[in-house]
1. How about the stretch 88-128: which of its residues are among the aliphatic types (A, V, I, L, M) and in a loop (DSSP other than H, G, I, E, B)?
2. Check the stretch 19-38 and report whether any residue there is in a helix (DSSP H, G or I), under 20 Å from residue 104 (Cβ atoms) and modelled with pLDDT of 95 or more.
3. So residue 84 fits all but one of (1) closer than 21 Å to residue 21 by Cα; (2) in contact (Cβ under 8 Å) with a residue 60 or more places away in the chain; what number is the exception?
4. Could you check, for the stretch 55-73, whether at least one of its residues is in a helix (DSSP H, G or I), open to solvent by 80 Å² or more (accessible area, probe 1.4 Å) and closer than 23 Å to residue 25 by Cβ?
5. So which of 47, 80 is at pLDDT 95 or above, out of contact with any Lys or Arg (no Cβ under 6 Å at 6 or more places or on another chain), part of a helix (DSSP H, G or I) and within 23 Å of residue 116 (Cα to Cα)?
6. Test residue 42 against the criterion of being modelled with pLDDT of 95 or more, open to solvent by less than 80 Å² (accessible area, probe 1.4 Å), among the aliphatic types (A, V, I, L, M) and in a loop (DSSP other than H, G, I, E, B), and give yes or no.
7. For residues that are closer than 19 Å to residue 14 by Cα and either loosely packed, with under 13 Cβ neighbours inside 10 Å or over 17 Å from the mean Cα position of the chain (by Cα) (or both), tally how many sit in the stretch 90-128.
Amino acid sequence: MMKNAGTVLMYNCSGEQFSKLKQIFAMLRLRMRPVEPDRYHVSLDDLSHGKGAPAEPASPLPESMLVFCDMGQALLNQVLEIIRVSKLPPIPLKAVLTETNRSWTTMQLYEELLKEREAISTQQTETT
């Protein structure tokens, strides 16, 4: 059996516009794990290993999000570059599983990413 190169947690990535993204991940031998709202309470680490029992569904994230797990930096750069040049629908929220965020839930990560994005757009506003 070929070893997986890494895992991608996928939020709101169903539908036709994401079929190309899935083909890219498959080509790179990445394991895809769609995360449904009934698992938003499960830690990212458990989600990346396909663990965690469903609970009361949370309200779905309003946008798409990808979390890259257990992937080397070189592969990650390659994946991001391929996504960038493939003219895929924009996925504004992307994160990498780290020591810091492994124990977080989906919502904790989502809120952090929103804060980060806000900080970045504030910086951009200040510099223009």
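The values are calculated or read from the model by the stated rules, or taken from the named source; none is laboratory data. The structure presented is a predicted model; accordingly, all values stated were derived computationally and were not measured. Counting neighbours? That spans all protein chains shown, and the Cβs are built from the backbone with ideal geometry, glycine included. These area figures cover heavy atoms from the full protein model, side chains too; ligands, DNA and RNA do not enter into them. Shrake-Rupley method; radii C 1.70, N 1.55, O 1.52, S 1.80 Å.
1. Of everything in the stretch 88-128, those that are among the aliphatic types (A, V, I, L, M) and in a loop (DSSP other than H, G, I, E, B) turn out to be 88, 91, 97.
2. yes
3. (2)
4. Yes, because at least one residue in the stretch 55-73 is in a helix (DSSP H, G or I), open to solvent by 80 Å² or more (accessible area, probe 1.4 Å) and closer than 23 Å to residue 25 by Cβ.
5. So the residue among 47, 80 that is at pLDDT 95 or above, out of contact with any Lys or Arg (no Cβ under 6 Å at 6 or more places or on another chain), part of a helix (DSSP H, G or I) and within 23 Å of residue 116 (Cα to Cα) is 47.
6. Spelling it out, residue 42 is indeed modelled with pLDDT of 95 or more, open to solvent by less than 80 Å² (accessible area, probe 1.4 Å), among the aliphatic types (A, V, I, L, M) and in a loop (DSSP other than H, G, I, E, B).
7. Adding up the residues that qualify gives 2.
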